[in-house]
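The values are calculated or read from the model by the stated rules, or taken from the named source; none is laboratory data. Source: prediction; values computed, not measured. Here Cβ is always computed from backbone atoms with ideal geometry, including for glycine, and neighbour counts include all displayed protein chains. Note: areas computed on protein heavy atoms with side chains; ligands, DNA, RNA excluded. Shrake-Rupley method; radii C 1.70, N 1.55, O 1.52, S 1.80 Å.
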Amino acid sequence: MTMPEKKKNLKRLYNSFFYSLNGFRACYRTEEAFRQEVWLSLFFIPFGLWLGETIGEKLLLVGVVFLVLIVELVNSAIERAID
């Protein structure tokens, strides 16, 4: 890979990070359910880390919380595309 291609790829990665961050912000501002789930995750993630006995259990409990957030983002995107 030549140097300009590396800069181009890093710039693309940088831009995609901030586009994603803007998408999270927009979803938080416009979707009540996503806002509720974000606030509930602040309780459930530490609770899952405390409740799980092994690393695997902790990862599963926390992973389910992130899965709920991801599914809500997908649901919001589908709703927005159909509307």
- [ ] Go through the range 43-77 and count every residue that is open to solvent by less than 90 Å² (accessible area, probe 1.4 Å), under 22 Å from ASN22 (Cβ atoms) and either among the aliphatic types (A, V, I, L, M) or modelled with pLDDT of 95 or more (or both).
- [x] 6
TODO: Select from the range 1-22 the residues that are in a helix (DSSP H, G or I) and open to solvent by 100 Å² or more (accessible area, probe 1.4 Å) and list them in ascending order.
DONE: MET3, LYS6, LYS7, LYS8, LEU10, LYS11, ARG12, LEU13, TYR14, PHE17, TYR19
Task: Residue match in the range 23-34 (condition: open to solvent by less than 100 Å² (accessible area, probe 1.4 Å), among the polar types (S, T, N, Q) and in contact with an Asp or Glu (Cβ under 7 Å, 6 or more places away or on another chain)) - done: no
Open item on the list: Tell me yes or no: at least one residue of the range 44-55 is under 25 Å from ALA77 (Cβ atoms) and without any contact (Cβ under 8 Å) to a residue 60 or more places away in the chain.
Closed with: yes
